[in-house]
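Heads up: the structure comes next, in structure tokens.
The values are calculated or read from the model by the stated rules, or taken from the named source; none is laboratory data. Quick caveat, the model's predicted, so the values are computed rather than measured. Methodologically, a virtual Cβ is constructed for each residue, glycine included, from the backbone with ideal geometry; neighbour enumeration extends over all protein chains shown.
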Amino acid sequence: MEYREYPPSAELAPFVKCFWSLESDDEVHERERIFPDGSIELILHYRDFFRKYDEAGNAVIQPRSFFHGQLKRYFELQPMGKVGVFSVRFHPAGLRPFVPFSIDEITDLTAPTAKAWEEKAAQLETDLLAAESTEQRIAVIEIFLLSQLNRDHVDPTVEKCVEQIIEQSGITSVDEIAQQQAIGKRVLERRFQQSVGLSPKLFARIVRFNYALQLIEKRDFSNFTTVAYEGGFYDQAHFIKDFYDFTGLNPKQYFSENLEMVRFFNLG
């Protein structure tokens with residue numbers, strides 16, 4: 001499969017991290033795990049559909065277009081044929097200014113775009129499917145998103161907290177962040193849920209996990225205790241617990257898996 005990322009326009013850059021495409025002209029049917037990465041996606045399948053499996057092995061076929069909210073746990077995806085995926089990857093608090101609902105309403109869920117845009121969602125899907133290239137899809141979605149942008153739903157305090165957590169690789173405490181931003185901890189947690197879809201503590205855990213995942217992928221360490229220490233974990237046991245919570249695997253099992261999509265999404 002070929003994975004490519006594309007930058008957003010300057011107007012959308014504060015909200016959209018990137019656009020990406022995933023394609024394969026060959027039939028693909030291998031199941032792959034998807035790990036939490038702190039992002040929210042707007043996804044379009046313009047070729048064949050994907051099956052999504054939960055931890056219990058229950059499967060559903062994903063819609064043609066949809067939001068995928070923040071993840072708290074892993075799930076598995078299985079292409080059902082030829083792959084053609086286009087996605088908008090929002091910054092952690094980036095979707096909120098485009099939708100009329102609190103982002104925690106779609107956490108761990110696949111949500112129809114009509115939840116946000118009602119009858120306009122069907123026309124957007126039609127226009128995206130009619131596009132003949134990724135560049136054309138980007139042009140379509142950028143015009144649409146700018147038409148839906150509501151800056152009243154931007155929360156600068158939450159955005160600053162998100163930036164701080166990412167800059168510190170998740171190795172920080174909510175109390176410290178709240179104090180530095182001069183905001184009460186409970187108020188921060190409520191506003192974080194509304195804009196990001198997760199508590200600040202869980203978001204920081206996910207950021208820290210992805211930082212540790214990058215350390216593992218570099219393989220520049222002598223043992224997992226070193227990764228735990230560099231990743232800001234209390235000890236190796238806490239590191240392994242977080243790793244399992246988010247992936248369903250321990251670090252050694254991770255090495256034995258060929259997780260192509262993880263390398264696209266979590267390590268790209």
> In the range 174-198, which residues are at negative phi and touching a residue at least 24 places away in the same chain (Cβ under 8 Å)?
Replying inline: VAL174, GLN181, ILE183, LEU188, ARG191, PHE192, GLN193, GLN194, SER195, VAL196, LEU198
> So, of the residues in the range 99-127 that are among the charged types (D, E, K, R) and on the phi < 0 side of the Ramachandran plot, which turns out to be surrounded by the fewest Cβ atoms within 10 Å (Cβ to Cβ)?
Replying inline: GLU119
>> Which of the numbered conditions does GLU76 fail, given that it passes all the others? Conditions: (1) within 22 Å of VAL207 (Cβ to Cβ); (2) among the charged types (D, E, K, R); (3) out of contact with any Asp or Glu (no Cβ under 6 Å at 6 or more places or on another chain); (4) surrounded by 15 or more Cβ atoms within 10 Å (Cβ to Cβ).
In response: (1)
>> Return the residues of the range 33-56 that are assigned to a strand (DSSP E or B), modelled with pLDDT under 95 and either within 27 Å of PHE144 (Cα to Cα) or of a type in the set (Phe, Trp, Tyr) (or both); say none if nothing qualifies.
In response: none
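This table checks each residue for (1) hydrophobic (A, V, I, L, M, F, W, C); (2) closer than 16 Å to LEU128 by Cβ.
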{"site": "CYS18", "(1), (2)": "yes, no"}
{"site": "ALA56", "(1), (2)": "yes, no"}
{"site": "PHE67", "(1), (2)": "yes, yes"}
{"site": "ARG73", "(1), (2)": "no, no"}
{"site": "GLU76", "(1), (2)": "no, no"}
{"site": "HIS91", "(1), (2)": "no, no"}
{"site": "ASP104", "(1), (2)": "no, no"}
> What are the residues in the range 231-244 that are surrounded by fewer than 16 Cβ atoms within 10 Å (Cβ to Cβ) and in a helix (DSSP H, G or I), if any?
Replying inline: ALA237, HIS238, LYS241, TYR244
> Restricting the search to the range 59-90, which residues are among the basic types (Lys, Arg) and not in a strand (DSSP E or B)?
Replying inline: ARG64, LYS72, ARG73
> Going by the conditions given, is LEU44 buried (at least 16 other Cβ atoms within 10 Å of the Cβ), over 14 Å from THR134 (Cα atoms), hydrophobic (A, V, I, L, M, F, W, C) and within 16 Å of the chain's Cα centre (by Cα)?
Replying inline: no
